[in-house]
Every structure is written in C-alpha cells, then in structure tokens.
1. Looking at the structure I just gave you, is residue 43 more than 17 Å from the chain's Cα centre (by Cα), under 17 Å from residue 121 (Cβ atoms) and modelled with pLDDT of 95 or more?
2. Counting just the residues of the range 152-171 that are touching a strand residue (DSSP E or B) at 6+ places or on another chain (Cβ under 6 Å) and over 21 Å from residue 63 (Cβ atoms), which one comes out modelled with the highest pLDDT?
3. Between a residue in the range 111-135 that is without any contact (Cβ under 8 Å) to a residue 24 or more places away in the chain and any residue that is surrounded by fewer than 20 Cβ atoms within 10 Å (Cβ to Cβ) and part of a strand (DSSP E or B), which pairs come within a Cβ distance under 8 Å, given they are 6 or more apart or on different chains?
4. Would you check if there is a residue in the range 72-91 being in contact (Cβ under 8 Å) with a residue 12 or more places away in the chain, loosely packed, with under 13 Cβ neighbours inside 10 Å, at negative phi and assigned to a strand (DSSP E or B)?
5. Say whether the condition of being buried (at least 20 other Cβ atoms within 10 Å of the Cβ) and part of a loop (DSSP other than H, G, I, E, B) is met by at least one residue in the range 110-117.
6. Report, by residue number, each residue of the range 129-151 that is part of a helix (DSSP H, G or I) and out of contact with any strand residue (DSSP E or B) (no Cβ under 8 Å at 6 or more places or on another chain).
7. Within the range 172-182, take every residue that is at pLDDT 95 or above and in contact with a helix residue (DSSP H, G or I) (Cβ under 6 Å, 6 or more places away or on another chain) and give me the one that is surrounded by the most Cβ atoms within 10 Å (Cβ to Cβ).
8. I need the full set of residues from the range 41-71 which are farther than 22 Å from residue 101 by Cα, assigned to a helix (DSSP H, G or I) and without any contact (Cβ under 8 Å) to a residue 60 or more places away in the chain, in order please.
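The values are calculated or read from the model by the stated rules, or taken from the named source; none is laboratory data. Just so you know, these numbers come straight off a predicted model, no measurement behind them. Backbone-built Cβ (ideal geometry, glycine too); neighbour counts: all protein chains shown.
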C-alpha cells in the first residue's frame, strides 16, 4: 500500500503537470506532435513493429493520429470500470466518448487481448529512469502488469519530465520515452 504522503504527492504532481500541459498552445501541441511522429516513423522500433497500441489524445496530450495512415495494425484502448482492453482500429470503428472525455471503441466483456509489439502510452509525468505518472486510474499498470513481449514507450511533451517520480511496486516501467526533444531508451 502506498503511504498517504506518497498518494498526496502523486496527486499534487498530477495537478501541476496537468496545468503545465494545458498551458501549451494548440500550435505548440501540434508542432511537438509532428516532431514526435517523425522521430517514431524513422526509428527501428517503428520499423520492427506491426501491432501497435496507441491512444486518442485528450487535454493537450501528444497527438499521434497521423500514425494511423501507415500500413500497421493499430489498437486503441477501451475502458470499463477498472479494466482496459485494446481493440483493432480502423477509420470505420464506431467510437463513443466516456464521461472522462476519452474517445474509445465499445468495451466487449470477453474480448481476446491482441499481442502488441509496441504500445505508445500517454502520461502526465516521467523521469529518466522509465517511471511514468499517469492520470491515476492504473489502467496501463494493470494491463501490462505481466508484460513480456510489448515494448512500452511513453509519449510526452518535454516539459512533463521530472527529476524523480514517487513510485509504487505496481507501477509499470517504460522501455522508452519520446518527446519533441529526446528519445530516452531505457
């Protein structure tokens, strides 16, 4: 169990990092997103991956939607209660918006999980050790708790980097983090 102090520290960091990200202009988000997409498509990780998990952006997250035009199989998350699953995406996939503002496909109770080569994860904060601070729901941590074959790469604006994050035993570590300024391989 995390200490009350650590939970409170994470909540304060989330508020602060959300404010920083929200302060970015639409033009800066677009510029950062274009740079990050270029870095991704020119990487060996991208070349070697066929089945890719990614998110649809909200609240000034890096927008990776330009990747959806490439000849890869993309999977986007659907969330219901405490469970997340990844669904194959096409331009014809019916999407709904949740009360959190997430755009997602319909959650299917007995859905077979795909084998992802690469998953591009949204985040609020990160450090150079591969620790990720998400929105606090733990969905990615639970989904990838027993991960053995999916490369996990966090996607963020450079201003979301912190020197050190408070971590819990269940926090899933990233193998890479990409921003408009750098690609950290861990």
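1. Values: more than 17 Å from the chain's Cα centre (by Cα): yes; under 17 Å from residue 121 (Cβ atoms): yes; modelled with pLDDT of 95 or more: yes.
Considered against the rule, which asks whether it is more than 17 Å from the chain's Cα centre (by Cα), under 17 Å from residue 121 (Cβ atoms) and modelled with pLDDT of 95 or more, residue 43 comes out as yes.
2. It comes out as 162.
3. If the second residue must be surrounded by fewer than 20 Cβ atoms within 10 Å (Cβ to Cβ) and part of a strand (DSSP E or B), no pairs are left.
4. Yes, because at least one residue in the range 72-91 is in contact (Cβ under 8 Å) with a residue 12 or more places away in the chain, loosely packed, with under 13 Cβ neighbours inside 10 Å, at negative phi and assigned to a strand (DSSP E or B).
5. Our first condition is that a residue be buried (at least 20 other Cβ atoms within 10 Å of the Cβ); within the range 110-117, this holds for 116.
The next check asks that each one be part of a loop (DSSP other than H, G, I, E, B); those that pass are 116.
There is at least one residue in the range 110-117 that is buried (at least 20 other Cβ atoms within 10 Å of the Cβ) and part of a loop (DSSP other than H, G, I, E, B).
6. Quick first cut of the range 129-151, residues part of a helix (DSSP H, G or I) only: 139-143.
Passing the criteria: only 141.
7. The extreme case among them is 178.
8. Of the range 41-71, the ones farther than 22 Å from residue 101 by Cα are 41-52, 69-71.
If we keep only those that are assigned to a helix (DSSP H, G or I) too, we end up with 41, 44-47, 69.
Hits for the range 41-71 are 41, 44, 47, 69.
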